[in-house]
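Report on the structure given below.
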Amino acid sequence: MGKSDIDDAADPPDLVLADPRGTLGLWRRYRRLPRNVFAISLVSLLNDASSEIVYPLLPVFLSLTLGASPGIVGLIEGAAESVSSLLKLGAGHFSDRRGKRKGFVVFGYVLSSFTRPLLAFAGSWTQVLGLRIADRVGKGIRSAPRDAMIADNVRVEERGIAFGFHRAMDHTGAVIGPLIGYLVLFYFATNESAPSALDFRNIFLVASIPALAAVLVAAFFVRESVKTVSEDQAGIAPPLRFSLRGFDNNFKRFLFILALFTLSNSSDFFLILRAQTTGVSAPNTLLLWAAFHIIKVLSSIFGGDLSDRLGRRRLIVSGWILYAAVYAGFAFVSNEVSVWVLFMIYGIYFGLSEGAEKALVADLVKREQRGTAYGLYNLAFGITVLPASLLMGTLWNRRGPQTAFLVSAVLGASAALLLLTLVKTRPAGESEQWAVGSEQ
């Protein structure tokens, strides 16, 4: 962490919170974020641009070029995300244990950047499975230490805006990626509606360019976080256990409620499938996906700041209720215009909840537990993704999409109510005093 980052972190809160209302105050708060937050966020932008060139086209590649069934496509994504979720806990814990995080972050991005372009040479779905798992292993290694680095570099009253900015940059990459894929298909594919194996190979190789740039930025511009444990503590840290021991009941309740909410949050593939049933064409799906992420960018910019000013729990509950309303809307959607409106509202949910959730994790645990806490957070968030998708798919097949989306809406709203009633949050000053006291 450089001198400028330390100086920023040492500034009194009144300088950061001066003129907190309005666009000018928000802009000043963003400008005062430490350089490390900007560097980490740029890495996420570049990596997500690479990932989102590949992701929307991967199911088409698997089905058209490799002949994989929809069940195989679901298996590949479910297995990859499950592996990623399990690794996030271990990586977060060991970053706490070592007191250093950058190595985990850089290695995670290196692994993803080198495996993703190899999809261009995959000749079977089993090879794609192996490459996707390797890609998600990289994500599992880097995610919790990266989030802990962001929390390490800012004060409690800046956490929401820092994570909101990071999510906004990540979503910006998700806007750029599909547009790049669309342009490559439009200008270079022999038939944009039915790309050939060579077309897919060229697109996947193009995806390696921003991925390599992400690695270079992570290696040369992201600086090591401040030490999170003393040198003597690093050598005697407890071994990794899949246990919540050492965390208070408040944090444990948050994790279980988060897992319940995620059970309602199936793969966005089902939203795209629902859009296609209303007549949204394949090229328009790419444009819809890009527009959806533009809303996520804008809402993340303001959502993180609002969580600092209005409270994390209030923003998260609002976001989860909005999510439930959107899924209820998808149960009854009947035309393309309604699909576009619902997708845009869905993007607002991310801005309200994502940054606030990650900031809340830092509020609820001690500083030396942050890496492990973010690993547990990602585990709770990710481990129910596969069951959620299986539940959605089963209900869709047996009862139809209306029932499937309504069940998800009820689960999401129930989780919001439980969060509001069972999880307690600390005022900013009290949270900061508690965090500082835990380090002494």
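The values are calculated or read from the model by the stated rules, or taken from the named source; none is laboratory data. Computed from a prediction, not measured in an experiment: that's the story for all the values here. All Cβ positions, even for glycine, are placed from backbone atoms using ideal geometry, and neighbour counts span all protein chains on display. Note: accessible area is taken over every heavy atom of the protein model, side chains too, but ligands, DNA and RNA are not part of it. Shrake-Rupley method; radii C 1.70, N 1.55, O 1.52, S 1.80 Å.
Quick notes on this structure:
- Euclidean distance of C-alpha centroids, segment 116-167 and segment 247-274, integer Å: 18 Å
- Here W340 sits with roughly 80 square angstrom of accessible surface, probe radius 1.4 Å.
- When you count the other C-beta atoms within 10 angstrom of each residue and take the mean per peptide, 160-167, 108-115 line up highest first as 160-167, 108-115.
- Shape call, segment 101-203: gyration tensor on alpha carbons, a/c limit 1.5: oblate
- Tensor-based shape of segment 370-426 (alpha-carbon gyration tensor, a/c under 1.5 rounded, otherwise prolate or oblate): oblate
- Extending 7 Å from the Cα toward the beta-carbon at both N335 and S281 defines two label points whose distance is 1.9 nm.
- Placing a label point 7 Å from the Cα of Q127 along the Cα-to-Cβ line, the residues of segment 46-65 whose backbone N sits under 19 Å from it are 54-55, 57-65.
- When only alpha carbons are used to place a centre, segment 402-420 and segment 352-381 end up 22 Å from one another.
- Segment 150-226: relative contact order as a whole-number percent, Cα under 8 Å and 6+ apart: 30 percent
- In terms of its C-alpha gyration tensor, segment 275-344 comes out oblate, because a/c is 1.5 or above while a/b does not outweigh b/c.
- Fully extending the segment from L64 to D248 would add 61.2 nm, taking 0.36 nm per residue of separation and subtracting the current Cα-Cα distance.
- With Cα atoms defining each centre, segment 323-351 and segment 185-226 are spaced 29 Å apart in the structure.
- Annotation: extensible slack from D268 through L183 equals 28.3 nm (criterion: 0.36 nm per residue apart, minus Cα-Cα distance).
- Cross-link pairs exceeding 26 Å between alpha carbons, from the set K102/K358; K102/K424; K296/K366; K100/K296: K102/K424; K296/K366; K100/K296.
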